[in-house]
Structures are given as C-alpha cells and as structure tokens.
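Below: one structure, written as structure tokens.
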Amino acid sequence: MNEKGLMYNYINGEWRTSAAAESLEVLNPANAETLTCVPLSPVNEVEQAAQAALRAYQEWKRVPVVKRIQPLFKLRALLEEHVDELSRLIVLESGKTFEEAKGEIVRAIENVEVACGMPTLMQGDFSEDISTGIDEFMIRQPVGVAACICPFNFPGMIAFWFFPYAVAAGNTYIVKPSERVPMTMQRVFELIDQCGFPKGVINLVNGSRQTVNAILDHPDIRAISFVGSTSVAKYVYARAAANGKRAQCQGGAKNPVIIMPDADMETSVRILADSVYGCAGQRCAAVSLGVMVGDAEKPFLEAFTEVSRTRTVGFGLDKDVQMGPLISAASRDRIEGLIARGVAEGATLHLDGRRPVVKGYEKGYFIKPTILTHVSPNSELAKTELFGPVFSIMHADSLDEAIRQINTNSYGNMACIFTSSGASARKFRNEVEAGDIGVNIGIAAPMAFFPFSGWKDSFFGTQHAQSKDAVDFFTQKKVVVERWPKDWTRKF
Ligand code: NAD
C-alpha cells in the first residue's frame, strides 16, 4: 500500500501510484473489515502499461527461449518459498480456508513448471522435399502484447493459467486482477520483480470495468484471456473480436453430478461434500446440482445431510475451519434470494444454512451448507449459477433421463458421475456436453499439462487455458516454403 492507502500498479518494472479518481475498499469477507483500497486505474494507465509492454516486446521476442524461461525457474522457487504467506493473503481477501488457498498456489506453480518446457513446446514442424529441392517448415512466433482479466475466486492462480506461457513464448504481458482480491497478485508481483525479467515484460494494472474496456480497446494489446461470469465473458469476447484481437473467455458454470444406485455411497458423499462446499461453493468446478438415479437418493441424502450439517464454518485461518464465507454481502443476498425463489417454485428446503451465527465473525458473509430437494429441471434453481454452498437435488428414473436433464443446461464446464459400472461411466463421458468430466471424482479440474476446457456458455473461443492450448494461443504460426537451387550460387 502507498501513502494514499492504495494498492500499486507495476508498470515498466517499477511500482507506480495510480492517479485514479475512484477506488474501492477491499474487505475481509469473514468480518467485513477493510484490508486495503484498490485504484480503478484509468485509460491512460492502461496506455502506459501497453506502451511499456510493446517496447519490451521488441527485445524480449529476440531473447532465445532457453533464456526467456530462466526468470520463470526463479519465480517457481520464490513461489515455493512463499506458499504460506501467499495462502494467508488469499484467505484474508477471498475467505477460503488456508488449505484451499495453498491448493491454488500449488496449481500456479505447476503452470510455471509446464511453461518452462517452452523450448520443446513451441518447436515447429519441418518437411524436407515437399517437391524436389523444396522444403517447407512451420515456425511459431509470439503474438505481441497480451493481457488477462481475472475473477475473484482464485486470486493467486488464474493469472498463472496464462502469463507464464505467454512470456516464455516471447510475448509481453499485462495482468488485471479482480478488484475484489488485488492483494495476492500484488505480492506475486513483488516476487516477479526479483526474477530478472527485463522492464515491461510483465505489468500489473488494477481496476474494474473502465480498466477492462481500455485493455479491450487498446490497439497494441493483441490477445485477451478472460475468466469470470458468462455475461462478462460474452461481452469481453465480442469487444475483443470487434477490435481484431484473439480472445479466450472462460465463463460461469452449473456443474451437475449423477449418482447411480450402484455408487459407493460413503466415498461419493465424502468426495462430493468437498466439491459442493469447498471454497464455499465458489469454484468454477464446484458441483451444485445432483441428479439421483432410481433409488440412489435415500442412502445418499441421509449421509450427505449429516456431513453438510456438521461442516465447520468460520474464518479460513482459524483451526479446524472447513468452509469460509461468501465473497460479499451482495453475493450472499443474491444466493439467499435464489434459494427463496427455488422454494417458491416448488423445491423443498431440506437443510437451511441461511444467516448462521458464526461466533466472533458476526459481520461475515456466511451461508452454511444448504440442500434443496425436489428441484425441477426447468426451475431457475436448476439453471442458474448460484456460486455458493448450495446443493440442489433432482431425480431421474434412468441414466438416459439424467443425461438428458443435464444436457439441457446452457453451461458445460464440468460434469461428474458416481458409479461402479464401467458401462455407465463410459456412456456418461461419451454423451455429456461438458469440457471436464469426473468419474468418481468431485472436482475434475485439469492439471496444468491438460487444457482447462469448458463448453457451451462456459467458454467462448477455441484454445483453452494451460498446456499446449496456451502455446497455441500465445503463438502465431508462420509457414515457410523454401528453395535453394544449387546453380544460383554460381551467379553471385
Ligand atoms: P466477474 O465476471 O464479475 O468479473 C471478472 C472480471 O471481469 C473482473 O476482473 C472484473 O473487473 C471484470 N468485469 C466485471 N464486470 C465487468 C464489466 N461489466 N465490463 C468489463 N469488465 C468487467 O466474475 P467474478 O464474480 O469475479 O468471478 C466469478 C465467476 O467466474 C463465476 O461465474 C465463475 O464460474 C467464473 N469462473 C470461471 C472459471 C472457468 O474456468 N470457467 C474459473 C473461475 C471462475
């Protein structure tokens, strides 16, 4: 924080105080206390970052790839060294538990490790003698200046789905964190500052809507990665495309799970409680909709209600806390409203976690685990992303009916099945319209060496985050057809 109590931007290798006319308070969602203030950086500060990144790009793209990855090795070591400190910051500003926060830094590190493979990842292709004496080859070159726009729910991880690959491939970069959780990325940039990247290669600009629009409209920013809600993802995708940029935009989710009667109920309940309630349901891969097939509901619901009722809720740095608060009062109020609307639409409120008293954190934005049964597949509850610790339960007579029900959903981020039948699992993974599939897994979030792949309204674009998809996104292919006739040399 600077003397004005504001977070800094990091532009051209230096910390800069924003001249923003507006700022927002960043609150600890467990007790509503102010942690810091974030500037809503104006257009000219995005301009400064884009210019710095463009200048740096002219040199950086010529640095051999084996040298470009050296600062990333340093960053990996520094992240390892600071895992606990970064995790505490994540807990403070986002509300998740310490172990959950640590998990996201581990995935961030994994992305740095994969990006360090860029010398082989960005190799081209070569065909000799495509015609007599003529060779053809494809080389990959960086795109230019790229930027990411991040959501609140993983303050330490999501930028790492993109920038390590981008800079390793020779691009330069601008990170725009969520204005609700800017502290973790600022600390990450203090580590980046020690890694030896040349000035301007990686920049940090804080802000919200106006800052995003300035990024989307800036002619020197060539590639946009967005992660957030579907409505903003669609908007960002359209505006980036209208400005001639490549874009990959990951949106919201409504992740279903099918419970077959032959599932191992004890294991399913244990795994799914972590999926539904982990990060208070604020994970893009959190399961929020259960389809109970045949007579699966009774044994599943009995055990699931018990683990839900007894889940310890509180501040994520306190001992034995299993679930933290929602990100904001607005988010809590919205979810409570959707629960009430679900009941009005005919659902049964089986376990009501609204407005709990959490001792010592009475001002926090908590909802305890909540379960609704008899949810209709056509209800708002079944279709809308709640992004909270709420599990809605539907019924189907057969696997076919359950798959039909979940495929009517407009989202397609992740879907899971719990079964002991290989045939059911195979049919499920073949027919379900989602990018990430879990078979007896509750959070099928891909490792960094696989693409993070939503479908339908959960993703707009072609190349996903992470892995070889990131290499494709951050490089442009150039194909050369070449002839060197022997007798030409005699002429000179
Ligand atoms: P959000 O869409 O409100 O905000 C995301 C980013 O967009 C922020 O940086 C914000 O500053 C910016 N933004 C918000 N409104 C804008 C507007 N009108 N114009 C321009 N920019 C705007 O999302 P959030 O609430 O921070 O994050 C939660 C959402 O993210 C959930 O829907 C969740 O499912 C989704 N998410 C998806 C994935 C995935 O991989 N698909 C991963 C994480 C989160």
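Key figures
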read-out	value
Residue ranges of strands (runs of 3 or more DSSP E) in region 1-73 with at least 2 members open to solvent by 20 Å² or more (accessible area, probe 1.4 Å) and in contact with a Phe, Trp or Tyr (Cβ under 8 Å, 6 or more places away or on another chain)	14-16
Which listed residue, of Ala242, Ala303, is touching a residue at least 24 places away in the same chain (Cβ under 8 Å) and open to solvent by 20 Å² or more (accessible area, probe 1.4 Å)	Ala303
Long-range neighbours under 6 Å by Cβ, at least six apart or interchain, first residue under 20 Å from Cys284 (Cβ atoms) within region 154-169, second more than 16 Å from the ligand (Cβ to nearest atom) and in a loop (DSSP other than H, G, I, E, B)	Tyr165/Phe474
Cross-chain or 6+ apart pairs with Cβ under 7 Å, region 388-400 first and on the phi > 0 side of the Ramachandran plot, then modelled with pLDDT of 95 or more and surrounded by fewer than 20 Cβ atoms within 10 Å (Cβ to Cβ)	none
Of all residues in region 445-458 being open to solvent by 20 Å² or more (accessible area, probe 1.4 Å) and in contact (Cβ under 8 Å) with a residue 60 or more places away in the chain, the one that is farthest from the ligand (Cβ to nearest atom)	Phe449
Among the candidates Ala434, Ala465, residue that is within 21 Å of the chain's Cα centre (by Cα), under 21 Å from Ser379 (Cβ atoms), surrounded by 16 or more Cβ atoms within 10 Å (Cβ to Cβ) and modelled with pLDDT of 95 or more	Ala434
Residue check for Ile393: within 16 Å of the ligand (Cβ to nearest atom) and surrounded by fewer than 24 Cβ atoms within 10 Å (Cβ to Cβ)	no
Count of region 187-231 residues which are near the ligand (Cβ under 8 Å from one of its atoms), closer than 20 Å to Pro164 by Cα and either of a type in the set (Lys, Arg) or part of a loop (DSSP other than H, G, I, E, B) (or both)	1
Residues of region 404-431 satisfying the condition of being surrounded by fewer than 22 Cβ atoms within 10 Å (Cβ to Cβ) and of a type in the set (A, V, I, L, M)	Ala423, Ala425
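The values are calculated or read from the model by the stated rules, or taken from the named source; none is laboratory data. Please read these numbers as outputs of a predicted model, since none were measured by experiment. Glycine also receives a Cβ, built like all others from the backbone with ideal geometry; neighbour counts cover every protein chain displayed. For the accessible areas, the whole protein counts, side chains as well, though only heavy atoms, and no ligand, DNA or RNA atoms are used. Shrake-Rupley method; radii C 1.70, N 1.55, O 1.52, S 1.80 Å.
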